[in-house]
Amino acid sequence: ALRAMPSDARLGLLVYGHRRARDCRDIELVSPIGADDAGRLAAQIRGLQPRGETPIAAAIEQAARSFAPLRGQQNSIVLVTDGVEECKGDPCAAARAVRAAGLDLKVSIVGFTLGARERQAIECVARETGGAYYDAADAQALTNALTQVRQQVTQAPPAPAAMPVPQPPARVNILARANGGELLAAPSIIWAVVHDGKEDQDSNFQVGQEAVFAFRGEQPYTFDTFTTLVTATDPINLREFELLAGDDGPTGTFRSIGVFTAQNLQLLRTPYQEFRFPPVTARYLKVRLVSNHGRAGNWVALREMQLFGEPAVGPAAATAEIRRAPPARSDILAQAAGGELLAAPSVIWGKLHDGKEDQDSNFQVGQEAVFAFRGEQPHTFDTFTILVTETDPANLREFELLAGDEGPAGAFRSIGVFSVQNLQLLRTPYQEFRFAPVTARYLKVKLVSNHGRSGNWIALREFRLFGRLADGVAAPTAVPVRPPAPARTNILAQAAGGELLAAPSAIWAQMNDGKEEGNSNFRVGQEAVFAFRGEQPHAFDTFATLVTETDSANLREFELLVGDDGPTGAFRSIGVFAVQNVRLARTPYQEFTFAPVTARYLKVRLVSNHGRGGDWVVLREMQVFGQPAAGAVAAAPATARPATATRINILGQANGGELLAAPAPVWAKVNDGKDESDSNFRVGQEGVFAFRDERPHTFHTFATLVVESDAANLREFELLVADESPAGPFRSIGAFAAQNLRLHRTPYQEFTFAPVTAKYLKVKLVSNHGRSGGWVALREFQVFGAPAAR
């Protein structure tokens, strides 16, 4: 049938169900009308493999769009099918829509091996459009039916009687600049060439781009015909495009008119290809570029576009109007107006309200910042704007605005989530977002997404917020000078006598040395104990920690505890506190206040970070503000601690201490004076020691060496004594608990008890600090005493 087609017949091929199973959207215009000859179409058909569903209604609708620029010619669709609609479409309704569109289009059907009921389901398509239905029961009948179709669709229409050719009615191109059409938003200014009336070409457009046009005075117009200029076949020519209409401004809501297909050829009567649709009334038209005709790189060449219509309410509505200047508004976010950045991931956020309009792309999805208005006074506002000067996948897409009254770390309520168009507005490059008036002291801006840039980076320029001082609030005459904070003493600082007493490692000493450097070798769950000057009781109500930038390893939650019984004594909790993962702009120290507390020691426990894997935590300087408690004896600055009284380690091998019984020889390492570690001890093991010459000694203190935190460190142990022999009987002195941290005055943790006199000492290992397998790491043991009186 294809071979017999006349040479002047222009053919096209649309196929469905040929690529994917169970996909009703698998419809493809394989060859636009006039793009290929009959031989090439036959080759394409021979290569097809049936795989999918039968979306007859959707296929008819898509095929019909190809005839929009061919109105008035002898147009036909031939549908060849061996089944009925399978995708919940309505073929009869699709046929009625074809007839209503006025495309002079007949749809003929070749039903291959269809039964009577199946035929009835789709025969209406031919009847509604003036086409014919052909039955084909086998291969020969299919060939005969296709031959009849060829004859029917290529039969020349009867010659019309001689009569004057009517002239088309005059139409107005309401998109033309000469007729008041205006480009409002586009990826770049080159879009202005498509409605300037010059018909020159530019190829610097891309698939996916879109632009918004307004009609004269932004008045509503009714239109039903769009045209685009095509002067030659070229793979860069526009193929598919979508038209959308709107009434809410260039960044408002748009509704789709339809997706249309331009032919890759020049029409000889007129080079403008025409696309008709049911009349639409709107203030704005959006044109979206969907595809080209195969050019790599997604570049698209465009020439002049036209839109034919008329004012929606008569000619008076289209008279040129003078656009009034917007009312004077105050940007309350601007630094020049007293707007202040209070909290942000980094200092670059200060660029967004400095009035300079320069760009920085070092922002990221998920970041947020808090701004205050002049004097932190409540202001009422209803409009936020953001500067967009060009299309860029790194541009901000969605953001959330939140308002608060309790400070940068307080509660915030959402104003809404807003979407930024990835294009430049031509009248002003600021995109505007309005909302119901809000009264608040602080504004938080949260970045939700970009326009597809990998790595979640975001490019931002200037922000603006329009409003005024809230009713009833006295306006300051100038930006108030903030009085200096009252003098406070950081009683945790080393320079003020603060001292690290116990910690998992020595790096904790960096937290109160005044140098403010960061260290990331802390872990969730660690804790450290500090003393104030002279271990005297101090009264305090404020703790501060330094945060200089946003980091997933930054400390999030921590607990403060206080005590009076030494670094290994009892502690009581002040509370658990949450650190914001931002840098405060006035001071990078985040402060946490609580009811005044009086104590000799402060314990800091790390509870969580801001999501960093591995539980690592970054810490910088810590501060505690307070003063010596009433009645405390103030220690002189930098008083030298007196030397510890002379004591004898009666367990040391050098002093006659001897290992008599143990599970393994490694136990001899715990009293050899060398301080090295061995982890080949186990929970439940015990060793028996004798003092010099197995003579009775009197003692009251046991010490164990802990140089760092480790899950294998000894936690609980029991001491027992005997007098008769290394085999006992033994009596218990008591069970003791070692802290999983390093004491910084001396790494030996001491345990005192009532004086005991005995010849033998047994040490029993009860538990570790969580190491699996029951392994225990031990270093040196010490026992302080003297030979018993005879």
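The values are calculated or read from the model by the stated rules, or taken from the named source; none is laboratory data. Note that the coordinates shown come from a computational prediction; the quantities given were computed from them, not determined experimentally. Cβ coordinates were reconstructed from backbone atoms using ideal geometry, including for glycine residues, and neighbour counts include every protein chain displayed. For accessibility, only protein heavy atoms count, side chains too; no ligands or nucleic acids. Shrake-Rupley method; radii C 1.70, N 1.55, O 1.52, S 1.80 Å.
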| For the chain, share of DSSP beta bridges that run antiparallel, in % to the nearest 5 | 90 percent
| remark: In the neighbourhood of PRO537 defined by beta carbon distances under 11 Å, the net charge of the other residues (Lys, Arg +1; Asp, Glu -1) is 0
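What is the sum of charges, Lys and Arg at +1 and Asp and Glu at -1, for the other residues whose Cβ falls under 9 Å from the Cβ of VAL194?
On the way: positive: ARG303; negative: ASP196, ASP202, GLU304.
That works out to -2.
In debye to the nearest 20, how big a dipole does the chain give about its Cα centre with +1 on each Lys and Arg Cβ and -1 on each Asp and Glu Cβ?
Numbers: 80 positive and 85 negative charges, 49 e Å.
Approximately 240 debye in magnitude.
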| Any idea what % of Cα-Cα pairs in region 28-150 are farther than 26 Å? | 17 percent
| remark: Per the C-alpha gyration tensor (a ≥ b ≥ c, the square roots of its eigenvalues), region 1-69 is rounded if a/c is under 1.5, else prolate if a/b beats b/c, else oblate; here it's oblate
| note | SASA check, SER552, accessible area w/ 1.4 Å probe, all protein chains in place, rounded to nearest 10 Å², comes out at 50 Å²
| Angle, helix 91-100 long axis vs. longest principal axis of the chain, Cα atoms, 0 to 90°, nearest 10? | 60 degrees
| task | Step through the residues of region 180-189 one at a time and calculate ³J(HN,Hα) from phi using the Karplus curve (6.51 cos²θ - 1.76 cosθ + 1.60, θ = phi - 60°), rounding each to whole Hz and writing x for Gly and Pro. | result | x, x, 9, 7, 9, 8, 6, x, 7, 6
| request: May I ask for the distance between the Cα centers of region 328-385 and region 185-247, given as a whole number of Å? | output: 36 Å
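Add +1 for every Lys or Arg and -1 for every Asp or Glu among the other residues with Cβ under 14 Å from the Cβ of GLY294, and state the total.
Values: positive: ARG239, ARG295; negative: GLU28, ASP36, ASP234, GLU240.
Taking every Cβ under 14 Å from that of GLY294, the sum is -2.
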| note | Once both label points are put 7 Å beyond Cα along the C-beta direction, the ALA38-ARG10 separation in nm becomes 1.8 nm
| message | Compute the distance from the alpha-carbon center of region 563-613 to that of region 389-438, in whole Å. | response | 35 Å
| request: Excluding residues fewer than 8 places away in the same chain, name every one of the aspartates and glutamates whose C-alpha is closer than 18 Å to that of LYS764. | output: GLU658, ASP678, GLU686, GLU716, GLU718, ASP723, GLU750, GLU780
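Starting from the Cα gyration tensor of region 232-315, take the square roots of the eigenvalues, sort them a ≥ b ≥ c, and report rounded, prolate or oblate (rounded when a/c is under 1.5, otherwise prolate if a/b is larger than b/c, else oblate). Kindly include the intermediate steps, with their values, before the conclusion.
On the way: a/c = 2.73, a/b = 1.55, b/c = 1.76.
Verdict is oblate for region 232-315.
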| task | Enter the angle in degrees (range 0 to 90, nearest 10) between the Cα long axis of helix 139-154 and the first principal axis of the Cα atoms of the chain, meaning the one along which they spread out most. | result | 70 degrees
| request: Using a 1.4 angstrom probe, figure out how much accessible area region 346-402 has per residue, in square angstrom, rounded to the nearest whole. | output: 36 Å²
| task | Identify all lysines with a Cα-Cα distance to LYS603 below 27 Å; exclude those on the same chain that are fewer than 8 residues away in sequence. | result | LYS515
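Among LEU606, LEU48, what's the order by accessible area (1.4 angstrom probe), most exposed first?
The ranking, largest first, comes out as LEU48, LEU606.
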| query | Short version: what are the Cα gyration tensor semi-axes of the chain, square root of 5 times each eigenvalue, largest first, in whole Å? | reply | 85, 39, 18
| Counting only protein chains, not ligands or nucleic acids, how are THR746, THR701 ordered by accessible area (probe 1.4 Å), most first? | THR746, THR701
| Excluding ligands and nucleic acids, what accessible area in Å² is computed for LEU2 using a 1.4 Å probe, to the nearest 10? | 50 Å²
| request: Please tell me the relative contact order of the chain in percent, rounded to the nearest whole number, where contacts are Cα pairs under 8 Å and at least six residues apart. | output: 8 percent
| query | What list of ³J(HN,Hα) values in whole Hz, one per residue of region 381-387 in order, does the Karplus curve 6.51 cos²θ - 1.76 cosθ + 1.60 (θ = phi - 60°) give from phi, with Gly and Pro shown as x? | reply | 8, 9, 9, 10, 10, 9, 8
| message | Once ligands and nucleic acids are excluded and a 1.4 Å probe is used, how much of LYS106 is accessible, expressed in Å² to the nearest 10? | response | 90 Å²
| Can you give the accessible area per residue of region 214-305, in Å², using a 1.4 Å probe? | 39 Å²
| Two-decimal Rg/Rh of region 187-257 from alpha-carbon positions, Kirkwood Rh? | 0.95
| task | Alpha carbons only, please: Rg and Dmax for region 320-417, in angstrom. | result | 15.2, 52
| field | Surface share of carbon and sulfur [accessible, 1.4 angstrom probe, percent] for the chain | value | 49 percent
